[in-house]
Amino acid sequence: MAETLTWSREDVRLILRGELDQETVGALWQQRNAAMAGVTIIDLNAVDRVDTSGLAMLLHLVHIGQQGGNRINLDGISDKLTTLAKLYNLPADLLPVTTS
């Protein structure tokens, strides 16, 4: 049984928790524009797993933020997600990572 995906907002931060996969992205997809309003950081620190559907969702969320005139950064991106993006030969700037 798949874990759920939840999200919350703290100021300009969209915090995702759980699994970001084919079974869980539907609810976030329906609320994507509202979820991304004013967001500049997508926090992935509490995300346990991301599949290709989750990767596509993240790319779309980044795009929504950029269309709103915001520079979007991903915080807490895992090595596995980075590897998945590389397997799809995605340009590095599509998943903008926050640097400390």
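Within region 4-30, work out how many residues are open to solvent by 100 Å² or more (accessible area, probe 1.4 Å) and under 12 Å from the mean Cα position of the chain (by Cα).
1
Just to check your reading of the model, which residue among LEU61, LEU20, LEU5, LEU14 is under 18 Å from THR83 (Cβ atoms) and modelled with pLDDT of 95 or more?
The match here is LEU20.
Here is a list: ASN33, ASN45. Which entry is within 24 Å of LEU87 (Cβ to Cβ) and either loosely packed, with under 13 Cβ neighbours inside 10 Å or out of contact with any strand residue (DSSP E or B) (no Cβ under 8 Å at 6 or more places or on another chain) (or both)?
ASN45
Here is a yes/no grid of residues against (1) open to solvent by less than 40 Å² (accessible area, probe 1.4 Å); (2) of a type in the set (Ser, Thr, Tyr); (3) part of a helix (DSSP H, G or I); (4) in contact (Cβ under 8 Å) with a residue 40 or more places away in the chain:
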| site | (1), (2), (3), (4) |
| --- | --- |
| SER53 | yes, yes, yes, no |
| MET57 | yes, no, yes, no |
| GLN66 | no, no, yes, no |
| GLY69 | no, no, no, no |
| ASP93 | no, no, yes, no |
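The values are calculated or read from the model by the stated rules, or taken from the named source; none is laboratory data. This is a predicted model, so every value here is computed, not measured. FYI the Cβ positions are ideal-geometry reconstructions off the backbone, even for glycines, and counts take in every protein chain you see. Heavy atoms of the whole protein, side chains included, go into the accessibility calculation; ligands, DNA and RNA do not. Shrake-Rupley method; radii C 1.70, N 1.55, O 1.52, S 1.80 Å.
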